[in-house]
Amino acid sequence: MKTSLLFPDGKEKALTLSYDDGVDTDRQFIKLLEKYNVKSTFNINAGSFSPEGSVRPEGQIHFRLSESEVKALYNHPLCEVATHSFTHPWLDKQPTAQCMIEIIKDRQALEKLFGKIVRGHAYPYGTYNDDVVEILRKAGIVYARTVESHYSFKIPTDWLRMGTTCHHPESCLLELADKFIDGEVGNNDGWLFYLWGHTYEFRMDNNWEVIEKFFEKTARNDNVWYATNIEVYDYVTAYRSLVYSADGDMVYNPTSTDVWVKIDGKKISVPAGKTVNI
Ligand SMILES: [Zn+2]
């Protein structure tokens, strides 16, 4: 028998986004998320907020939101908030204690601000090493995004060194979007399109139409699950927890998440806590 991953409701594909720094252009981006009903994770530096009441200086491209603006903006059903370190240093260049403080302080501050448990991370500048990964793990972070593109739709296995499908300014973006929507998954694991970037890049490059074109292609598709990063992590972790009988005629879902699996081409729903005959 061949088992492969399906997303919630038996969907074969999932789209997730990851945008960094908590900048003012995220406002316009979230309006687009609302228009297309797509979800995104936002990676925030809680030690680098703009002072309350500050106004973007003319010509400045990268402009961070204040604490109250962050709280108001990302407390939103289409958004997940994740850590990005407290003050955005190169984590791999920090002495160990400083690195620990950067991660823990950011997690603590964001949890306090939003009243939610925060478990995600994106590496500032994309840099990391094995020590940073270990600190994240011990700090309760379950996934961490790099800035590496793999140009594929594979499901992550090493969640603390997670690659991405691509960065939105890359010229292959729309071609990948077509491939993602038009391609056949067959009896393989479901596909994940993982897009990342900074929304100030749309201001810098004056190209908001790129992300609109991307959403035109990928949004509102019945075979695609639109999820935040942590929703993808939690779902895939539940899927990987399925327990099969020795001769493969039963499957048990020990988690609290309903899971879907494709077995020899047939879609099977395995509700939370239930055993299903295959
Ligand atoms: Zn950043």
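We did not get these values from a lab; they are worked out from the coordinates using the rules stated. Model, not experiment: these values are computed from the prediction. Here Cβ is always computed from backbone atoms with ideal geometry, including for glycine, and neighbour counts include all displayed protein chains.
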The chain: relative contact order in percent, alpha carbon pairs under 8 Å with at least 6 residues between: 27 percent
With each pseudo-label sitting 7 Å past Cα toward Cβ, what's the residue 167-residue 35 distance in nm, one decimal? 2.5 nm
As straight-line cross-link partners of residue 213, the qualifying aspartates and glutamates (C-alpha separation under 18 Å, not fewer than 8 residues apart within one chain) are 26, 34, 170, 175, 178, 182, 201, 205
Give, as ranges by residue number, the residues of region 225-253 whose backbone N falls under 17 Å from the point 7 Å along Cα→Cβ of residue 264. 244-251
Work through the residues other than residue 230 whose Cβ is under 14 Å from its Cβ and net out their charges, Lys, Arg +1 and Asp, Glu -1. +1
In debye, nearest 20: dipole of the chain around its Cα centre with unit charges on the Cβ of K, R (+) and D, E (-)? 560 debye
Given the convex hull of the Cα atoms of the chain, what is a quarter of its surface area in nm²? 15.2 nm²
For region 16-95, the Rg and Dmax computed from alpha carbons only, in angstrom: 13.2, 44
May I ask which of 11/217; 11/274; 11/112; 116/154; 179/274; 39/116 have a Cα-Cα span longer than 26 Å here? 11/112; 116/154; 179/274
Quick one: length gained pulling residue 138 to residue 188 fully straight, 0.36 nm per residue minus the C-alpha distance? 14.7 nm
Lysines near residue 93 by alpha-carbon distance under 27 Å, same-chain residues fewer than 8 away left out - which ones? 105, 138
Just from its helices, what would the mean residue ellipticity at 222 nm be for the chain, if runs of 4 or more DSSP H residues each count -39500 (n - 2.57) and the sum is divided by every residue, rounded to the nearest 500 deg cm²/dmol? -9000 deg cm²/dmol
Separation of region 209-245 and region 53-94 by C-alpha centroid, Å? 25 Å
Distance between modelled label sites at residue 174 and residue 129, nm, 7 Å Cα→Cβ extension: 4.2 nm
I'd like the FRET efficiency for residue 71 and residue 245, computed as 1/(1 + (r/R0)^6) with the beta carbon distance as r and R0 of 35 Å, rounded to 0.05. 0.10
Just order 176-184, 241-249 by mean Cβ neighbour count inside 10 Å, highest at the front, would you? 176-184, 241-249
Scoring only Lys, Arg, Asp and Glu (+1, +1, -1, -1) among other residues with Cβ under 12 Å from the Cβ of residue 60 yields +1
Could you go through region 45-54 in sequence order and give the Karplus-derived ³J(HN,Hα) for each residue, using 6.51 cos²θ - 1.76 cosθ + 1.60 with θ = phi - 60°, rounded to whole Hz, and x for Gly and Pro? 9, 6, x, 10, 5, 5, x, 4, x, 6
